[in-house]
Every structure is written in structure tokens, then in C-alpha cells.
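Q: Below is a structure I'd like to ask you about.
No value in this document is a laboratory result; all are computed from the given coordinates. A quick note: this is a predicted structure, and the numbers were derived from the prediction, not measured. When we count neighbours, we look across all protein chains shown, and the Cβ atoms used for this are built from the backbone with ideal geometry, even at glycine.
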Amino acid sequence: MASPYSDFKGKPRLPKFATPKRYDIRLKPDLDSCIFNGIVSIDVDVVSSTKYLVLNAADLNVDSSSVSFKPKSSSQELRASGVGLIEEDELLIVEFAEELPLGIGVLNTSFQGTLNDQMKGFYRSVYEINGEKKNMAVTQFEPADARRCFPCWDEPAAKATFKITLDVPSNLIALSNMPVIEEKKEGDLKTVYFEESPIMSTYLVAVVVGLFDFVESSTSDGIKVRCYCQVGKSDQGKFALEVAVKTLELYKKYFDVPYALPKLDMIAIPDFAAGAMENYGLVTYRENALLYDEKHSAAANKQRVAIVVAHELAHQWFGNLVTMEWWTHLWLNEGFATWVSYLAADAIFPEWNIWTQFLDQTTDGLRLDGLSESHAIEVEINHASEIDEIFDAISYRKGASVIRMLQSYIGADTFQRALACYIKKYACSNAKTEDLWAVLEEVSGEPVKELMNSWTQQKGYPVVSVRVKDEKLDLEQSHFLLSGSPSDSQWIVPITLCCGSYDNRYSYLLKEKSGSLGIKDAAYVKLNVDQTGFYRVKYDEELGAKLRHAIESGQLSATDRFGVLDDLFALCTSSQQSLINLLTLIASFREETEYTVLSNLINISYKVMRIVADATPELVDNLRKFFINLFEYPALKLGWDSKSGESHLDATLRGELLTVLAELGHENTLNEAIRRFDAFCADRDSPLLPPDTRKVV
């Protein structure tokens with residue numbers, strides 16, 4: 001006989017006959033035995049006739065005798081006639097003897113769970129106090145693990161308010177999304193009551209219990225911002241705190257909407273699966289993504305902290321205030337937060353040339369999306385078990401890159417105005433990708449939906465082949481695949497180009513397989529100006545030679561030098577260009593000094609050396625000398641030791657340049673590294689081994 005619950009098995013989404021409105025959650029974690037007890041009362045709106053309530057639960061022991069439903073319209077409490085768990089779908093089915101009355105009622109249940117060691121749900125992390133190891137309790141609910149902490153409607157569209165109460169040891173600090181309104185101590189335990197949250201999704205609920213230090217500051221409109229960390233490390237939180245305060249101010253202005261909560265806490269967690277998590281009002285971080293030590297951290301780490309903080313705080317608006325309707329639209333959260341984090345970092349640290357460094361994001365997206373096994377930005381998610389698969393470079397990096405392409409196409413001011421409209425329209429609600437396109441289309445007057453669907457609903461991207469013929473520029477697009485396999489895919493490509501100078505620019509929307517533009521003879525032609533487009537460009541021999549000359553004579557910007565190099569390397573690896581062509585182009589970069597371009601050259605050199613070592617080992621020695629000759633000039637210019645007033649980018653570049661020269665076996669670099677290592681062995685505080693050159697040594 002079929003189970004009465006079989007109707008709910010294997011479904012991608014929870015049934016819609018009841019929706020949560022408010023959660024009242026009380027949790028009591030035991031940090032020694034690593035179990036927790038909980039009680040939850042959920043205000044539920046029953047919108048259509050049903051004898052069942054279907055919600056999510058996983059790895060919880062639900063006390064079936066405690067499950068009841070009390071309609072607001074009645075004094076009678078209905079006891080559950082059956083409580084069942086469909087484990088593979090992480091569903092809790094509550095059955096009643098009669099149909100539930102329509103309208104609001106309260107579902108009550110108590111439960112027990114384990115503070116697991118899987119870094120998801122409600123879990124334990126280990127930290128040290130005075131050399132002694134202790135457990136802390138931490139939550140990580142994205143994408144679908146709030147159900148491991150309390151029974152809930154664990155879908156982003158099922159937004160509700162949350163009232164959280166914690167019973168914890170009285171010597172510990174307890175944090176949640178909202179400020180504490182009251183603490184009651186009773187012996188070794190205390191009960192901590194938090195303010196009720198605004199409406200939000202379950203994956204953004206957060207709880208942390210442990211012993212911490214913190215540093216704090218405030219925004220100009222009185223939002224208290226704190227950075228928590230392990231005891232004794234509070235100085236390492238000061239940089240992130242400074243970035244957070246400036247970023248909140250910046251986003252308030254950019255989105256034209258104030259930050260919605262009364263406080264913002266950020267906390268470094270020793271055991272943490274992601275880089276960071278944007279929980280509303282209580283953002284959790286891996287330690288190396290939040291803490292920065294002036295003495296021992298490299299310059300690259302400082303930049304990572306700033307970017308990650310800016311990314312998570314972007315989510316407080318784009319993700320938390322306005323939330324994706326379902327995980328199919330994850331890219332909207334992550335791609336947008338990735339893009340806007342660079343916008344914030346550029347505003348706070350203009351000297352970092354951060355938009356040039358954004359090309360690393362684009363290149364990573366292009367690299368993964370050039371594989372035949374790639375996937376579209378928008379992926380249909382049919383089950384919670386599939387969600388983790390799309391937290392990848394396509395959602396984050398390709399997503400960020402196509403958003404930048406769109407911003408470049410419709411203009412920065414128009415784009416900002418449209419985003420502010422979108423945030424206001426969908427605040428405290430949920431939205432789909434097409435909702436954003438509709439607002440952008442309305443504000444800009446451009447065919448945004450048609451344009452962007454070609455980038456989000458199919459995998460891959462085009463390579464645009466370009467050649468000059470009879471005073472015309474002929475353009476042809478084809479699907480770029482590293483395997484070289486044929487494909488009929490086609491995109492609407494926003495083409496930008498400059499001819500002979502950046503004052504002579506053109507824009508063109510390539511809607512068909514091919515097209516042409518009338519141009520006058522120019523010193524060079526560069527497509528995809530500033531690399532804002534998510535596509536590759538393949539130049540014919542004549543145009544390629546002119547671009548090499550433009551690079552040698554310093555006529556191209558750093559972003560465009562990067563683009564010409566990266567495109568030709570990709571074409572070389574897909575057998576559409578020769579290694580000789582690539583090395584001829586690389587030789588044009590002999591006097592390159594810009595960090596991002598050199599960093600890409602270094603990465604390319606490693607890959608070329610590996611490929612040649614496998615395919616033609618007799619060329620390795622000559623190739624090694626070629627790359628040493630290329631990198632010696634900028635390395636000699638920088639030297640081993642930092643100079644007073646040098647830029648953050650020079651400090652970052654020094655380590656990368658010296659490392660590649662050491663890897664290539666450059667004798668002077670090896671000898672100097674050994675000298676510095678010996679000095680370090682003799683004196684651990686030796687000034688000869690600062691953080692930025694420690695790796696090479």
C-alpha cells in the first residue's frame with residue numbers, strides 16, 4: 001500500500017497550500033556534548049484546503065508528540081495525527097485528522113539536533129583560548145541547511161520574520177541577525193533575547209556562540225558595525241571594519257536605499273566552508289577573508305579582505321533585501337555582488353586599479369565557459385540536492401562579467417538609476433532574472449531582455465573574427481570552444497572598437513552571425529575596448545601585426561593589452577592560432593610594468609612551459625631563457641626590497657615576479673633567495689624576509 005506521503009516525494013518545490021509568516025525559535029546548544037535542543041512556533045497562513053503541512057527538516061529528531069497547530073480563529077489546538085520524514089527529500093510531513101481552517105495558525109514543535117562537523121546547518125567550530133581548545137556553535141544555512149537547525153519552509157521565496165532566543169553558557173557571547181534586547185542570567189546559563197528581524201529568507205538566519213574579541217565603529221547614520229574574532233586578534237579586524245563602514249555608506253548612496261538593519265556584525269570563523277556568508281546583519285567569514293595583519297599579511301591578502309567584505313555587504317541589498325525567487329536565479333545574487341564589490345573597492349582604493357584586476361574574474365569565467373561541459377548562467381534547479389553544483393565560476397565570474405558588459409552597453413548612470421528602481425520595487429520581496437531585465441529595459445529604453453537572454457540562457461560565448469576588406473571591417477561570430485567542436489550557438493554581441501586612438505570609438509550590436517562596419521585606414525583596430533565584453537576576438541594577420549606595434553609603442557591601455565594577450569593565448573590553446581604567434585606577441589611585452597598584465601603573463605608562462613615540456617621537451621631550455629629575459633626587466637626595476645611610498649600593486653607584483661624567476665631557475669634570484677633564507681634562519685625577525693617575498697624564498 002502506498003504511503004500517504006508519497007504525493008510529496010521527489011518534488012522540486014514545497015507545496016503552496018501554506019506559507020510561513022513568522023518564526024519564534026528557541027535554541028539551547030550544549031558545546032560539550034555537541035547537541036542542541038530547540039522549540040519553534042511558526043505563524044502559518046493556510047491559503048487552500050489541506051490536512052497536511054509540508055516543510056523541510058534534516059538530521060533533526062522531531063518530537064512527534066509536541067507537534068500541534070492552533071488556528072488563530074479558534075481556541076482549539078489540533079494535535080498532529082501523523083508526523084513523517086521523507087529523508088531523501090528532507091521533508092517533514094505533518095498530518096491532521098481534519099482539514100485545517102483557512103487563515104493564520106501557529107505550528108508548534110520541539111526537536112533535537114547535533115552540532116555537526118560538516119560546516120553546514122548548526123555546526124561546531126574549534127578555536128583556542130589561552131592554548132586550550134574550545135567549541136563554538138556556528139550556523140551556515142546557504143543554500144538549504146536551515147532545515148538542519150529547525151523545521152522550516154527552507155526556500156528563498158518563503159520569506160518571514162524571525163524572533164530568536166538562545167540559552168547559552170553565561171560566560172559566552174551569543175550573536176544573531178538582530179541586536180540583543182535582553183539577557184537573563186540563571187547560574188551558569190543565560191537566556192539571550194534578540195529583536196525580531198525584518199522579513200527575510202531562512203538561508204540568511206544566523207547564530208554564533210563563543211568567546212570573542214571585537215572592534216567597533218559606526219556609520220554616519222548611526223549603524224553600529226563590529227568585527228568579531230578570536231580573543232587576542234582584534235587588531236587584525238581593524239582594516240575590515242574600516243572597509244565595512246565606508247562600503248555601507250557607499251552602497252546606501254549607490255542603491256539610494258539605506259541599510260535595513262540597526263547593526264552589522266562581521267565575524268571570523270576558524271572552520272568555515274565558504275569564503276564568507278552574507279547572513280543578514282551577521283556576516284560570517286573564513287579567518288583569512290576578514291583578518292589582516294599589518295606585520296605578517298601580504299599585500300594581496302589586504303586586497304582579498306576588501307573585496308570579500310564589499311561582496312558580502314552588497315548582498316545586504318542585492319540578495320537579502322531583494323532575494324532571488326529560486327536557486328535558478330542564484331547568479332543574480334552572486335554575479336551582481338561580485339561585480340559591485342569591485343565598484344566599491346575602486347571607490348575606496350582608486351590606486352589599486354581594480355577594474356584592470358577585474359579581468360582576472362572575466363578570464364576565469366571565460367576559461368570555464370570555453371569547455372563543452374559548461375552550463376548556462378541560469379540553470380533549472382529541480383531539487384535542493386542540485387543547488388551546490390552551481391556555486392561556481394559561471395554563476396560568480398561570468399555572471400559578474402555579463403553584468404559589467406550590460407552596464408557598459410547602457411551606460412553607468414542609467415544602470416545605477418535602474419538598479420535603485422529595482423531595489424525599491426522588490427524590497428522585502430523576491431525577484432527573478434527577468435524582473436531585473438524589465439526594470440533595466442524600462443529605464444534605459446534598450447532591448448535588455450533580448451540581449452541578455454542570449455548570455456544567460458545558453459552556455460558558452462562567441463569568438464568574433466575580424467578582418468579588413470575594401471575599407472570595411474568584416475565581423476563573424478562563432479561559439480568559442482577549447483575543444484574546437486562546431487556549434488550553432490549565436491549571441492547578440494555588444495561590440496565596441498577603437499581605431500588608431502581612444503578618441504575614435506565605435507559601438508555596434510552584432511545580432512547576426514556576421515556583419516560589417518565601414519572604417520577608414522587606422523594605425524590599429526582594437527575590438528572589445530577595455531575588455532568590458534564577455535567574448536574573445538580573433539584578428540587577421542595584418543590587424544594582429546598592427547596591434548603588436550601598438551603594444552610596443554604604448555598606445556593601448558593596460559586592460560586592452562591584457563585582452564589582446566589573453567585572447568591570443570586562448571586561441572592558441574584551442575589550436576586556432578600557433579605558438580609562434582603567441583610568443584611573437586609576448587615579446588611585445590618586454591617593457592611591461594602593469595601588475596595585472598604581468599600577472600597574466602606569468603600565469604601564461606607557467607602553462608606554456610608545461611605544455612611544451614610534454615609536447616616538445618627539446619624546446620624547454622630556449623623557452624625558459626625567453627621567459628627569464630621577459631621577466632628580468634620588471635623584476636630588476638622592482639628589486640627585492642620595498643621602497644618608501646611604493647604602491648600596493650608593486651608590493652603584490654614583486655612576489656609574483658621573483659617567484660616565476662625562481663621557478664624558471666634564474667641563477668641570481670635563486671642565490672639571493674638562499675641568502676635571505678639563511679638570514680631568516682639566523683634571525684626570525686630578519687627584515688630580509690617580509691610577507692610579500694616569503695613565498696619565493
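Q: Residue 213 versus residue 185, label points 7 Å from Cα toward the beta carbon: distance in nm?
A: The modelled label-to-label distance comes out at 2.3 nm.
Q: Among the listed pairs 459/546; 133/185; 246/643; 28/120; 449/472, which have their C-alpha atoms separated by more than 22 angstrom in this model?
A: Values: 459/546 33 Å; 133/185 25 Å; 246/643 28 Å; 28/120 18 Å; 449/472 30 Å.
Beyond 22 Å: 459/546; 133/185; 246/643; 449/472.
Q: Before rounding to the nearest 500, sum -39500 (n - 2.57) across all DSSP H runs of length at least 4 in the chain and divide by the residue total; then give [θ] at 222 nm in deg cm²/dmol.
A: Values: 16 runs with 230 residues, N = 697.
Result for the chain: -10500 deg cm²/dmol, rounded to the nearest 500.
Q: Let me ask something else about it. Can you tell me, using C-alpha contacts under 8 Å and at least 6 residues apart, the relative contact order of segment 461-559 as a whole percent?
A: After rounding, I find 31 percent.
Q: What is the dipole size for the chain, taken about its Cα centre, with +1 at each Lys and Arg Cβ and -1 at each Asp and Glu Cβ, in debye to the nearest 20?
A: Dipole of the chain, to the nearest 20 debye: 620 debye.
Q: Follow-up question, since we're still on this one. Residue separation times 0.36 nm, minus the C-alpha to C-alpha distance between residue 49 and residue 367: what's the value?
A: Working: separation 318, 0.36 × 318 = 114.48 nm, distance 5.10 nm.
That works out to 109.4 nm of additional length.
Q: Report for the chain the percent antiparallel among DSSP-assigned beta bridges with both residues inside it, nearest 5.
A: Percent antiparallel among DSSP bridges in the chain is about 80.
Q: Further question on the same structure: Applying 1/(1 + (r/R0)^6) with R0 = 30 Å to the Cβ-Cβ distance of residue 72 and residue 116, what FRET efficiency is obtained, to the nearest 0.05?
A: Efficiency at R0 = 30 Å is approximately 0.25.
Q: Test of understanding: ordering 595, 342, 193 by Cβ neighbours within 10 Å, fewest first, what list do you get?
A: 193, 342, 595
Q: Nearest 0.05, what FRET efficiency do residue 412 and residue 391 give at R0 = 22 Å with Cβ-Cβ as r?
A: Calculated value: 0.20.
Q: Here's something else I'd like to know. Using 7 Å Cα-to-Cβ label points, what is the residue 512/residue 469 separation (nm, one decimal)?
A: 1.3 nm
Q: For segment 447-460, take each phi angle, set θ = phi - 60°, evaluate the Karplus expression 6.51 cos²θ - 1.76 cosθ + 1.60, and give the result in whole Hz per residue in order, putting x for glycine and proline.
A: x, 5, 4, 4, 4, 6, 4, 5, 9, 9, 9, 9, 7, x
Q: Would you calculate the separation in nanometres between label points at residue 34 and residue 129, each defined as 7 Å from the Cα along the Cα-to-beta-carbon direction?
A: Taking the two extended label points, one gets 1.9 nm.
Q: Quick query: amide H of residue 18 versus all other amide H atoms, modeled in the peptide plane; which residues come in under 5 Å with a sequence gap of 5 or more or a different chain?
A: Close amide H contacts, sequence-distant or interchain: 47.
Q: Along the principal axes of its C-alpha atoms, what lengths does segment 590-697 span, in descending order and rounded to whole Å?
A: Answer, in whole Å and largest first: 45, 29, 17 Å.
Q: Quick check on the exposure proxy: order 409, 280 from fewest to most C-beta atoms within 10 angstrom.
A: Working: 409 20, 280 25.
Ascending number of Cβ neighbours within 10 Å: 409, 280.
Q: Considering only 615, 375, 109, whose Cα is most displaced toward the positive end of the charge dipole of the chain, charges sitting on Cβ of Lys, Arg (+1) and Asp, Glu (-1)?
A: Towards the positive end, the residue furthest out is 109.
Q: Could you tell me which of rounded, prolate or oblate describes segment 197-253, using a ≥ b ≥ c as the square roots of the eigenvalues of the alpha-carbon gyration tensor, with rounded for a/c under 1.5 and, failing that, prolate when a/b is larger than b/c and oblate otherwise?
A: oblate
Q: Taking the Cα centre of segment 488-567 as origin, sum charge times position over the Cβ atoms of Lys and Arg (+1) and Asp and Glu (-1), and report the length of that vector in debye to the nearest 20.
A: Details: 10 positive and 12 negative charges, 28 e Å.
Approximately 140 debye in magnitude.
Q: Same structure, new question: What FRET efficiency, computed as 1/(1 + (r/R0)^6) with R0 = 51 Å and r the Cβ-Cβ distance, is obtained for residue 644 and residue 618, rounded to the nearest 0.05?
A: According to the calculation, E is roughly 0.65.
Q: OK, next. How about residue 9: which aspartates and glutamates have a C-alpha closer than 17 Å to its C-alpha, ignoring those fewer than 8 places off in the same chain?
A: Residue 9 reaches 87, 88, 89, 90, 95, 154, 155, 386.
Q: Based only on Cα atoms, what mean projected area does the convex hull of segment 461-559 have, in nm²?
A: 6.4 nm²
Q: Name the residue farthest towards the positive end of the dipole of the chain from the options 74, 437, 573, assuming +1 on Cβ of Lys and Arg, -1 on Cβ of Asp and Glu, about the Cα centre.
A: Farthest towards the positive pole: 74.
Q: Something else now. In whole Hz and in residue order, list the ³J(HN,Hα) couplings for segment 297-303 that follow from phi through the Karplus curve 6.51 cos²θ - 1.76 cosθ + 1.60, θ = phi - 60°; x for Gly and Pro.
A: 8, 6, 4, 4, 5, 4, 5
Q: Something else: Dividing the alpha-carbon radius of gyration of segment 1-83 by 2.2 N^0.38 Å (N being the number of residues), what value is obtained?
A: Numbers: Rg = 15.0 Å, N = 83, 2.2 N^0.38 = 11.8 Å.
For segment 1-83, the normalised Cα radius of gyration is 1.27.
Q: Only Cα pairs under 8 Å and at least 6 apart count here; give the relative contact order of segment 521-657 as a rounded whole percent.
A: About 20 percent, as a whole number.
Q: Relative to the Cα centre, what is the charge dipole magnitude of segment 1-211, using +1 at the beta carbon of each Lys and Arg, -1 at the beta carbon of each Asp and Glu, and rounding to the nearest 20 debye?
A: Around 360 debye, computed over segment 1-211.
Q: Moving to a separate point now. For segment 429-508, just say rounded, prolate or oblate: build the C-alpha gyration tensor, square-root its eigenvalues into a ≥ b ≥ c, call rounded for a/c under 1.5, and beyond that prolate if a/b exceeds b/c, oblate if not.
A: Verdict is oblate for segment 429-508.
Q: Still on this structure, please answer the following. Select from 583, 270, 606 the residue farthest towards the positive end of the dipole of the chain; place +1 on Cβ of Lys and Arg, -1 on Cβ of Asp and Glu, and compute about the Cα centre.
A: Of the options given, the answer is 270.
Q: Taking only Cα atoms, what is the 0 to 90° angle, nearest 10, from helix 620-638's long axis to the longest principal axis of the chain?
A: Orientation of helix 620-638: about 80 degrees from the principal axis.
Q: With an 8 Å Cα cut-off and a minimum separation of 6 or more residues, compute the relative contact order for the chain in percent.
A: 8 percent
Q: For a quick check: with amide H placed at 1.01 Å from N, whose amide H comes under 5 Å from residue 82's, ignoring anything fewer than 5 positions away on the same chain?
A: 95
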